[in-house]
1. Can you tell me how many residues within region B:81-96 are buried (at least 20 other Cβ atoms within 10 Å of the Cβ), closer than 15 Å to B:Glu167 by Cα and either away from chain A (no Cβ under 13 Å) or in contact with a helix residue (DSSP H, G or I) (Cβ under 8 Å, 6 or more places away or on another chain) (or both)?
2. With a cut-off of at least 2 residues that are surrounded by fewer than 16 Cβ atoms within 10 Å (Cβ to Cβ) and not hydrophobic (A, V, I, L, M, F, W, C), name the helices (runs of 4 or more DSSP H) lying wholly within region B:160-271.
3. Which one of these does A:Ile163 not meet: (1) touching a residue at least 60 places away in the same chain (Cβ under 8 Å); (2) within 10 Å of another protein chain (Cβ to nearest Cβ); (3) not acidic (Asp, Glu)?
4. Considering only region A:232-240, I want to know if a residue exists there that is free of Cβ contacts under 8 Å to residues at least 40 places away in the same chain and at negative phi.
5. Quick one: which residue in B:Ile118, B:Ile112, B:Ile52, B:Ile130 is in the same structural domain as B:Val16 (by TED's automatic domain parsing) and modelled with pLDDT of 90 or more?
6. Given (1) surrounded by 12 or more Cβ atoms within 10 Å (Cβ to Cβ); (2) closer than 29 Å to A:Arg198 by Cβ, where does A:Lys141 come up short, assuming only one miss?
7. The conditions are (1) in a helix (DSSP H, G or I); (2) without any contact (Cβ under 8 Å) to a residue 60 or more places away in the chain, and A:Tyr183 fails exactly one of them. Which is it?
Amino acid sequence: MTTDTAISPPRNLSPFAGLMRGTAGPVILVVAVIFAIWYLAAVLLNTPFQEGIYERAGQTDVPISQLITDTLAQERPVLPAPHQVVEEIYKTTVLKKITSKRSLIFHTGITLSSTMLGFVIGTVLGILLAIGIVHSRVLDKSLMPWVISSQTIPILAIAPMIIVVLNAVGISGLLPKAMISTYLSFFPVTVGMVKGLRSPEIIHLDLMHTYSASRAQTFWKLRFPYAVPYLFTSMKIGIAASLVGAIVGELPTGAVAGLGARLLAGSYYGQTVQIWSALIMAALLAGSLVGIVGMIEKLTLKRMGMAR
Amino acid sequence: MNQAATAAADASAKPVIDIEKLSLTFQTNDGPVHALSEIELKIEEGDFVSFIGPSGCGKTTLLRVIADLEQPTAGSISVNGLTPHEARLKRAYGYVFQAAALYPWRTIAGNIALPLEIMGLSKAEQQQRIARNMELVNLAGFEKKFPWQLSGGMQQRASIARALSVEPDLLLMDEPFGALDEIVRDHLNEQLLQLWAKTNKTVVFVTHSIPEAVFLSTKIVVLCPRPGRIYDVIESDLPRDRTLDVRETPEFLKIAHRVREGLRAGHSYDD
């Protein structure tokens, strides 16, 4: 035990070895692959239109490098190239005032507000439904089938109906759109919370029984804390669904503002670059929202002592 | 002499637990299962009673009947002169489960506070009881730790402190040390005896370990399965204040032998 036999691990001399060891390497690789596929698809999909242009101009024998450059610089491409989308996003976010109707941030803000309102209502509704379902057999039998069947209806079909009905009773503006977000987001919260509230082990329930705890005490001291991790998981799904709901809610109303409105206007005028930049913006927004919920989850569970 | 003492106790005070002709039958898809059959048992104040028997003999079920976690189908049972249901509502007992069953989102102090919050005690009273009972199970200083930061033995001690904090005269323990290793178990057994001597509670203790039952108990109830029934009741004549060394004495081995004989006779090994 006196000899020091520490052997240093063999060093890998490949420059990529260090990069691939962490998570950064693989993440960069995946992004690079996506971009490569995207560029390739853009060239292939935009080529027929570009060839038409050449033919009408009487150009023949266009070199392949020229073709590629041209297909990636069309004004209304079938599939815009990533740099076109990035440029469009840059122009409509950084270079435009937030108050401008052409600012993507302005539109994102509109969609975000109805997403958040719908998400909050949906989460509260979901929790309340779950509490009812867990505590009452009658509610379980009578409500659960409706909760499930509500999600089998295509949202595109029911969204205009909700808007029309709410408009007829004089509710317009933010709330009808938020209602569609609610419609989509209450479901995962209900299902997750029912599962969560039912998940305490028998031994924990027996323990409450030996203390002759009331139903309310069992709920607040046992069932609810137990369900918190489930709640956050469902809220992550719920907030993404909420955003989809808000965008879908903007489509049938012919809304003039919001990411949905940008998609609609883009398709009217064949502005594919605008459509794609709105789509990317929606994806970024969804990603950030889910990320924020995830961060709150981490903090909460840490405070509760459930995360190690 | 023993009989005379029991008779005297009978005359002066009612037993803490009085079970008469108690039966419990579970209805299952494969027909009725006779978990308990014609149980007759009296447990006096200050007794340390162990239920021992093989799996399926109904020892845990019997404890759960006393705790009002199961309902008997026939016979009568009283706890402190009340029905188990009334006794439970009055929080007449503390129950220690096979697992510590601590809430992972509560600190050790928070876990011990749980029944006290449910009882609606004042914050000051809660603090006092937490401190006292953590001291009693030698866990002082671990108040702010979360359960996962403690060893299995310490978790089980915390769960005992939680049961004691209700300040019941009756402690029901369902194989509390079954999941722990031999060394920790010996240590906790010794501590449990000291605790029992200090607090003078009545303890009902379920186990499947012969040395544990003999070492701890003043009275050992041997149960046997199919149907679950009492085969033998052994009054221990070991001194009340005993140390682990008592296990080497002939008296201890004699009682252990009788328990083993009872377990062997009551159990048919053809299945």
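1. Summing the residues that are buried (at least 20 other Cβ atoms within 10 Å of the Cβ), closer than 15 Å to B:Glu167 by Cα and either away from chain A (no Cβ under 13 Å) or in contact with a helix residue (DSSP H, G or I) (Cβ under 8 Å, 6 or more places away or on another chain) (or both) in region B:81-96 gives 5.
2. Working: elements: B:182-199, B:210-216, B:250-266.
Helices (runs of 4 or more DSSP H) meeting the threshold: B:182-199, B:250-266.
3. It is condition (2) that A:Ile163 fails.
4. Step one: list which residues in region A:232-240 are free of Cβ contacts under 8 Å to residues at least 40 places away in the same chain, which gives none.
No; the residues of region A:232-240 include none that is free of Cβ contacts under 8 Å to residues at least 40 places away in the same chain and at negative phi.
5. Of B:Ile118, B:Ile112, B:Ile52, B:Ile130, the one residue that is in the same structural domain as B:Val16 (by TED's automatic domain parsing) and modelled with pLDDT of 90 or more is B:Ile52.
6. Against the list (1) surrounded by 12 or more Cβ atoms within 10 Å (Cβ to Cβ); (2) closer than 29 Å to A:Arg198 by Cβ, A:Lys141 comes up short only on (1).
7. (2)
Residues checked against (1) in a helix (DSSP H, G or I); (2) in contact with a Phe, Trp or Tyr (Cβ under 9 Å, 6 or more places away or on another chain):
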position	(1), (2)
B:Glu45	no, no
B:Ser55	no, no
B:Thr60	yes, yes
B:Arg91	no, yes
B:Gly94	no, no
B:Ala100	no, no
B:Tyr103	no, yes
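The values are calculated or read from the model by the stated rules, or taken from the named source; none is laboratory data. In this text, all values refer to a predicted model and were calculated from it rather than measured experimentally. Using ideal geometry, Cβ is built from the backbone for each residue, glycine included, and neighbour counts are taken over all protein chains shown.
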